[in-house]
Amino acid sequence: MSRVGKMPIAVPQGVDVAITAQQIKVKGAMGTLERSTHRLVTVKQDAGKVTFAPADETAEADAMSGTMRALVANMVNGVSKG
C-alpha cells in the first residue's frame with residue numbers, strides 16, 4: 001500500500017467532511033470544496049479522521065489511494081488555513 005495513502009487525515013475543529021459514494025465535500029471557515037471519489041479507492045471517516053484504502057490489489061488502486069489522500073488533505077488545509 002502507498003506510504004502516503006496509509007496516513008489518516010486529521011480533521012481539525014471547524015471543518016466538516018461529508019463522504020458519499022460519489023463525492024467528498026469539505027466545508028470550513030474559508031469555503032467549501034468538492035471532489036468526486038475514485039472507483040479504486042475506499043474512503044472512510046471515523047473519530048475525526050479520514051482514511052483511504054485501495055479497493056483492490058492492483059498497483060493502480062494503490063497509487064490512486066495515495067493520490068486521493070493527498071488531494072483531500074490539501075482540501076482540508078485549504079478550507080481551514082487558506
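Under the rule a/c < 1.5 gives rounded, and otherwise a/b versus b/c splits prolate from oblate, where does the chain land using the Cα gyration tensor? Working shown, then result.
On the way: a/c = 2.06, a/b = 1.83, b/c = 1.13.
Because a/c hits 1.5 or more and a/b exceeds b/c, the chain counts as prolate.
Roughly speaking, to the nearest percent, how much of the chain's 1.4 Å accessible area is carbon and sulfur? Working shown, then result.
Values: 2540 of 5120 Å².
Within the chain, the accessible surface is 50 percent carbon and sulfur.
Taking Cα pairs under 8 Å and at least six residues apart, what relative contact order does the chain come out at, in percent? Can you show the working numbers first?
On the way: 151 pairs, mean separation 30.7, N = 82.
Averaging sequence separation for qualifying contacts and normalising by length gives 37 percent for the chain.
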**Study point:** Dipole of the chain, positive end: most advanced residue of Thr20, His38, Leu71 [Cβ charges, Cα centre]
**Key:** Leu71
Check your understanding: Build a GNM of the chain with springs between Cα atoms under 10 Å: which of Thr37, Thr67, Thr58 gets the top mean-square fluctuation?
Key -> Thr58
Practice item. Mind checking the per residue accessible area of the range 26-82 for me, 1.4 Å probe, whole number of Å²? Key: 59
Practice item. Report, to the nearest 10°, how far helix 59-80 tilts away from the longest principal axis of the Cα atoms in the chain, using its own Cα long axis and a range of 0 to 90°. Key: 0
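The values are calculated or read from the model by the stated rules, or taken from the named source; none is laboratory data. Since the model is a prediction, treat every value here as computed from it, not as a measurement. Because the Cβ atoms are built from the backbone with ideal geometry, glycine has one as well, and the counts that use them run over all protein chains shown. For the accessible areas, the whole protein counts, side chains as well, though only heavy atoms, and no ligand, DNA or RNA atoms are used. Shrake-Rupley method; radii C 1.70, N 1.55, O 1.52, S 1.80 Å.
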